[in-house]
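**Q** Input: one structure, supplied below.
What follows is calculated from the coordinates using simple rules that are stated; it is not laboratory data. All of these numbers come straight from a predicted model, not from anything done at the bench. Methodologically, a virtual Cβ is constructed for each residue, glycine included, from the backbone with ideal geometry; neighbour enumeration extends over all protein chains shown.
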Amino acid sequence: MDSLLPLEDRGGPAQPLLLATGLRKHFPVAGGLLGRSRKVVRAVDDLSLSVAKGETLGVVGESGCGKSTVARLLIRLIKPDRGTMVLDGDPVDEPHGITVNELRRQVQMVFQDSYASLNPRLTIAETLAFAPKAHGLPAAEARARVRDLLDKVGLDPANYAERYPHELSGGQRQRVNIARALALRPRLVILDEAVSALDKSVEAQVLNMLVDLKTELGLTYIFISHDLNVVQYLSDRVLVMYLGKIVELGSVEAIYGNPQHPYTRALLSARPSMDPRRRTKEAPIQGDPPNPIDPPSGCRFRTRCPFAEDVCTRVEPPLADIGTQAVACHMRVVGSGHSKAATP
Amino acid sequence: MSELLQVRDLHVKFVTPDRTVNAVNGVSFDVKRGETLGILGESGSGKSVTLRSILRLHPEHRTRWGGSIKLEGDEVLTMGKSALSDLRGQRVAMIFQEPATAFDPVFTIGHQIAETVRRHTGKGEADSWSRARELLEMVRIPSPAQRLKAYPHEMSGGMRQRAMIALALSCNPALLLADEPTTALDATVQIQVLLLIRELQREFNVGVIFVTHDIGVAVEVSDRIGVMYAGKIVELAPVEQMVDAPRHPYSRGLLASTVHDGMRGQRLEAIPGAPPDLAEVPTGCSFAPRCKFVQPNCIVRPPDLREMGGSHLVRCVLADVQEAGVAA
């Protein structure tokens with residue numbers, strides 16, 4: 001089974017596995033006279049993050065906050081407008097670094113739609129052997145690897161290897177997608193809403209399996225989801241996004257136990273209560289997230305924030321380290337001018 | 001409270017030349033005015049099929065119905081065309097998961113609400129527009145007068161869902177059917193819409209059937225919860241009892257496998273396997289192949305729905321045994 005273990009660690013345990021700095025992606029929107037409008041969707045704006053070896057970084061946020069764009073940037077499915085990436089000490093797509101192809105071998109991704117991500121005309125075995133063969137693995141070894149992979153994700157190779165995607169249930173197909181992501185012995189797996197389409201009883205099976213695989217194979221995960229409970233269950237650190245920006249970043253205990261940003265607090269208290277005697281009485285914030293085409297000036301959350309003041313309109317709050325976590329809110333910046341901020 | 005809706009032994013079967021799907025296999029429940037019944041189930045459990053049957057929204061030529069659905073005493077399954085047309089929208093209204101596709105994209109929101117009001121109440125043009133405006137105010141859409149002139153695509157998802165609720169309540173229905181109405185919404189918007197539904201339900205004293213796959217959402221809105229599996233209600237209980245003491249192994253599994261606060265680091269109690277194929281009529285308990293308490297007689301014949309006291313109904317041969325176990 002060691003054919004599935006990731007390749008050797010290079011920079012040592014203290015060096016971040018992935019370091020992204022100043023990533024930015026704006027999508028131009030066609031429209032206006034002759035389609036020449038200058039409007040852009042500011043999907044991801046100057047976002048920096050690091051992923052430590054062996055950790056699970058959870059990414060949460062509502063639709064349109066840019067969390068999936070981040071995933072796509074990290075694996076270079078789309079090219080960032082700006083920003084750099086370093087994978088275990090090697091700059092990506094730069095003269096002395098590693099190529100995008102090499103990045104995509106070490107970083108793999110699992111998508112939400114289990115059916116759309118599989119080629120319907122290939123059997124499961126063909127799908128799983130495809131990438132290893134393309135990377136030069138002899139056919140016999142590729143077959144052995146397919147068996148190992150199916151074993152790993154709890155599908156009996158004798159029973160499933162020759163089936164087609166439509167012959168599997170949603171949960172089984174997602175297991176195949178996870179197996180495929182592991183086929184090239186990656187170090188980092190990005191799970192973009194990977195369990196969101198599954199029924200609860202099946203979701204629990206897949207979550208248990210993800211936990212096991214991480215330990216057995218020494219993997220690192222970036223787990224993107226809108227489901228705060230699942231992110232809490234799986235993650236070591238959590239990153240909260242709002243309209244293309246990081247609003248808060250910290251350990252799972254800090255984010256869930258002592259959230260500092262008003263948006264994080266609203267998001268957490270918007271969860272249904274699970275206790276009929278303590279039902280939610282009032283919605284934590286009103287309105288919908290604004291359109292990312294024209295995000296509000298200054299702090300992007302200010303239009304829905306109960307504490308917004310003049311400074312929030314004028315100045316964009318920096319992501320400030322406050323010890324336990326980092327938070328982008330003027331109330332937490334000393335001398336920012338916000339009435340709730342400490343004065344220097 | 002009087003019985004508003006009575007569903008008895010409902011069977012729904014879809015027949016095509018290639019295959020037959022036994023989507024609903026004997027479902028019975030009542031809904032009173034002013035009450036919310038949550039129907040909780042996973043995909044393919046028959047929860048939406050049950051809901052749509054109440055309006056007979058399935059294609060007539062390939063749907064076979066059995067049993068009875070009575071709204072205020074009128075049998076829906078044998079209702080004639082004009083009675084059915086009065087039923088839909090006027091006596092029973094429905095809101096859907098995706099409000100973007102439920103509205104007609106080429107007419108303004110105001111036009112669509114006013115049209116419905118005119119069609120069902122016979123009000124004049126001006127009256128129906130002012131009613132539409134009132135309705136938008138009621139669902140707390142900001143600047144309603146301007147929003148009347150908006151097309152569906154000009155509104156956000158949460159706003160569209162509010163507009164659909166306004167449309168649904170435009171004719172004072174007795175029963176509101178909600179099919180996963182908050183599933184496509186963001187978390188901070190979902191809770192706003194849930195609270196709105198709860199509040200309007202009290203204000204209008206309307207009966208609500210709320211179908212969802214999300215336990216948290218069901219707990220947030222329901223007075224009673226019915227859990228569906230493979231086309232049957234396996235457990236039906238007041239919400240407190242369902243959360244505190246679920247009896248059916250499937251309901252218990254569902255609650256245990258749902259991730260919530262404080263489960264970090266623990267192994268999740270997953271239910272093994274997957275739901276059954278609905279091509280065959282089940283001979284025994286449909287959950288038996290996945291059940292850890294399965295016994296020989298589970299496979300022989302389907303268990304009956306047993307009354308456990310406190311209007312708690314369970315469809316499991318073990319229900320009595322467990323009770324004995326709890327008592328001892």
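**Q** Just from its helices, what would the mean residue ellipticity at 222 nm be for chain A, if runs of 4 or more DSSP H residues each count -39500 (n - 2.57) and the sum is divided by every residue, rounded to the nearest 500 deg cm²/dmol?
**A** Taking each H run of at least 4 residues, the total per residue is -8500 deg cm²/dmol.
**Q** How big is the Rg/Rh ratio for chain B, C-alpha atoms only, Rh by Kirkwood, two decimals?
**A** My calculation puts Rg/Rh at 0.99.
**Q** Which ordering of B:VAL27, A:VAL86, A:VAL176, A:VAL100 is given by a fewest-first count of other beta-carbon atoms within 10 Å?
**A** Numbers: B:VAL27 26, A:VAL86 20, A:VAL176 23, A:VAL100 14.
Lowest to highest Cβ neighbour count: A:VAL100, A:VAL86, A:VAL176, B:VAL27.
**Q** Across 10 Å bins from 0, what is the distribution of all Cα-Cα pair distances for the protein assembly as shown, in whole percents?
**A** Percent of Cα pairs in each bin: 3, 13, 22, 24, 21, 12, 4, 0.
**Q** Give the separation of the Cα centroids, segment B:71-126 to segment A:180-245, in Å.
**A** Using only Cα atoms to place each centre, the spacing works out to 43 Å.
**Q** A further question follows. Using only C-alpha atoms and all pairs of different ones, pull out the Kirkwood radius for chain A in Å with one decimal.
**A** About 21.7 Å for chain A.
**Q** In addition: Find, to one decimal place in angstroms, the Kirkwood hydrodynamic radius of segment B:64-196, where the mean of 1/r is taken over every pair of different Cα atoms and then inverted.
**A** 15.6
**Q** While we're here: Does segment A:259-332 come out rounded, prolate or oblate, given a ≥ b ≥ c as the square roots of the eigenvalues of its C-alpha gyration tensor, rounded meaning a/c under 1.5 and, failing that, prolate meaning a/b above b/c?
**A** oblate
**Q** Can you list the residues of segment A:268-286 with backbone N under 20 Å from a point 7 Å past the Cα of B:LYS32, pointing along Cα to Cβ?
**A** Taking a point 7 Å out along Cα→Cβ of B:LYS32, the residues of segment A:268-286 whose backbone N falls under 20 Å are A:276-277.
**Q** Calculate, for B:ASP18 and B:PHE293, the FRET efficiency according to 1/(1 + (r/R0)^6) with r their C-beta to C-beta distance and R0 35 Å; round to the nearest 0.05.
**A** On the way: r = 36 Å, r/R0 = 1.03.
E between B:ASP18 and B:PHE293, to the nearest 0.05, is 0.45.
**Q** Please tell me which of these pairs span more than 24 angstrom C-alpha to C-alpha: A:LYS200/B:LYS47; A:LYS200/B:LYS13; B:LYS70/B:LYS123?
**A** Cα-Cα > 24 Å for A:LYS200/B:LYS13; B:LYS70/B:LYS123; rest within.
**Q** Lysines within cross-link reach of A:LYS133: Cα-Cα under 29 Å, excluding same-chain residues under 8 positions apart?
**A** A:LYS53, A:LYS79, A:LYS152, A:LYS214
**Q** Mind checking B:247-259 for the average number of partner chain beta-carbons within 10 Å of each residue's beta-carbon? List each step's numbers first, then the result.
**A** Numbers: counts 0, 0, 0, 1, 0, 0, 3, 4, 2, 3, 9, 7, 13.
If you average over the peptide's residues, the count of other-chain Cβ atoms is 3.
**Q** Under a cut-off of 15 Å between alpha-carbon atoms, report the aspartates and glutamates in cross-link reach of A:LYS245, not counting same-chain residues fewer than 8 places apart.
**A** Straight-distance partners of A:LYS245: A:ASP45, A:ASP46, A:GLU62, A:ASP294, A:GLU316.
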